[in-house]
1. Against the definition (modelled with pLDDT under 95, open to solvent by 10 Å² or more (accessible area, probe 1.4 Å) and either under 20 Å from ALA68 (Cα atoms) or within 18 Å of the chain's Cα centre (by Cα) (or both)), how does GLU182 come out, yes or no?
2. Looking at region 34-88 only, could you name the residues that are among the hydroxyl-bearing types (Ser, Thr, Tyr) and open to solvent by less than 70 Å² (accessible area, probe 1.4 Å)?
3. With within 15 Å of ALA9 (Cα to Cα), charged (D, E, K, R) and touching a Pro at 6+ places or on another chain (Cβ under 7 Å) as the only criterion, which of GLU276, GLU256 stands out?
4. Limited to region 193-208, what total is found for residues that are within 23 Å of ILE26 (Cβ to Cβ), open to solvent by less than 10 Å² (accessible area, probe 1.4 Å) and either modelled with pLDDT under 95 or over 17 Å from the mean Cα position of the chain (by Cα) (or both)?
5. List pairs: first in region 213-230 and under 19 Å from ILE361 (Cβ atoms), second at pLDDT 90 or above and in a loop (DSSP other than H, G, I, E, B), Cβ under 7 Å, 6+ apart or cross-chain?
6. Does PRO271 satisfy being surrounded by 19 or more Cβ atoms within 10 Å (Cβ to Cβ) and in contact with a Gly (Cβ under 6 Å, 6 or more places away or on another chain)?
7. Name the single residue that is surrounded by the fewest Cβ atoms within 10 Å (Cβ to Cβ) among those in region 165-176 being at pLDDT below 95 and touching a Leu at 6+ places or on another chain (Cβ under 7 Å).
8. Looking at ALA354, ALA343, which one is in contact with a helix residue (DSSP H, G or I) (Cβ under 8 Å, 6 or more places away or on another chain), without any contact (Cβ under 8 Å) to a residue 24 or more places away in the chain and surrounded by 16 or more Cβ atoms within 10 Å (Cβ to Cβ)?
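The values are calculated or read from the model by the stated rules, or taken from the named source; none is laboratory data. Nothing here was measured: the structure is a model prediction, and the numbers come from that model. All Cβ positions, even for glycine, are placed from backbone atoms using ideal geometry, and neighbour counts span all protein chains on display. Side chains included, ligands, DNA and RNA excluded: accessible areas come from the protein's heavy atoms. Shrake-Rupley method; radii C 1.70, N 1.55, O 1.52, S 1.80 Å.
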Amino acid sequence: MDPRINPYAPGAGTIPPELAGRDDIIEKASIALDRCRSGLASRGLCLVGLRGVGKTVLLTRISQEAEAKGFAVVFVETPEKRSLPALLIPSLRTALIKLDAIAATKELGKRAMRVLGGFVGAMKVKYNDVEFGLDLGKEDGIADSGDLEHDLMSLFVEIGKVVKAKNTALVLCIDEIQYIEEEQFAALIMALHKCAQNQLPVILIGAGLPQLVGQAGRAKSYAERLFEYPTIGPLKAEAAIAALEIPATKHDVRFEKDALNEILLQTKCYPYFLQEWGKHSWQCAKQSPVTLEDVKRATTLAILELDASFFRVRFDRLTPSEKRYLRAMAELVDDSRRSGDIAAILNKDVHTVAPTRAQLINKGMIYSPAHGDNSFTVPLFDGYMKRVMPNVE
């Protein structure tokens, strides 16, 4: 079939043609934002799930809808080894410039911009990656002490006053939030808590891997009361079928039932993989309907492409010992990947391989759903490990 109109969109954070099965999460976020703007009690959301479930897609959609409704939105992705101030400063400046255009907030906005300037100066001394070069002025004694917890709290309070005067809210959309260092995460939570106490409309909508819940609790014990943690998992079968069928139907293309069932079996209904299989099934089919044989050929192509890109980029970040640990994990089934069993496969003491396990958790490759248990953060990665490393070394 014509590749020029292939509707499927596998990609990092690319919004699919049919965002199926996520209406409840989008509505939950919409309610939280509207309550926050109205000065009512509301908890932020931290979307938690594995790679490929569509957390970034959801965060993007929520931020787009918030902007369309007049919210001041700051959207940042947290790469490893970047400080929180370095990520927030440029986006907060942009938000304040937009807010400053509103006459009712002009003086408050100018004051908040000067507070941000003092914050920049203080953070440049503490964090080497803060490279902001503009002179925004300074408001002496506010957010300029160099103590991140105190300064970020003061900065958020000033910005909160601006958005409140405009009858809107500041929405912090932070992706890959698990990479924020614990001390900085604690400062962010404390600043949000202060805004909530003062009824200032500042709210977090974040997304991260499953270890995020534990990280938030360790950073500040009251984080569990400040945020909700909706789990974003694979789609239900009905939604997965809709994600495949609705885009195809727009081009008068349909799938045979056996073909759909095979895609759901191979992808386990993970949204990213549904898009991959949809794309390759379209390429393999000569005409409608897409058949089981088309999907079987597509499976070969999809796995080759995933192995060369989606899986490979993660594999290449690993040390030899980390690769061996993951290969040993792949020998075990999902619900019994105990640290002791992995160590036994490697013929090592569990304490000897504990540092490797910790490194893999820090890199976001695995997480611990319960004490001593281990799971991949990337769905289907166990199969890739067996293909790329046929034997446990």
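1. Taking the combined requirement at face value, the residue satisfies it.
2. Across region 34-88, the qualifying residues are SER42, THR56, THR60, SER63, THR78, SER83.
3. After ruling out the rest, the residue left standing is GLU276.
4. Within region 193-208, the first condition is being within 23 Å of ILE26 (Cβ to Cβ), and the residues that meet it are 196, 201-208.
Checking which are open to solvent by less than 10 Å² (accessible area, probe 1.4 Å) leaves us with 201, 203-208.
Imposing the further condition that a residue be either modelled with pLDDT under 95 or over 17 Å from the mean Cα position of the chain (by Cα) (or both) reduces the set to 201.
Of the residues in that region, 1 qualify.
5. VAL213/TYR229
6. yes
7. Per the criteria, the residue is ALA165.
8. Answer to the selection: ALA343.
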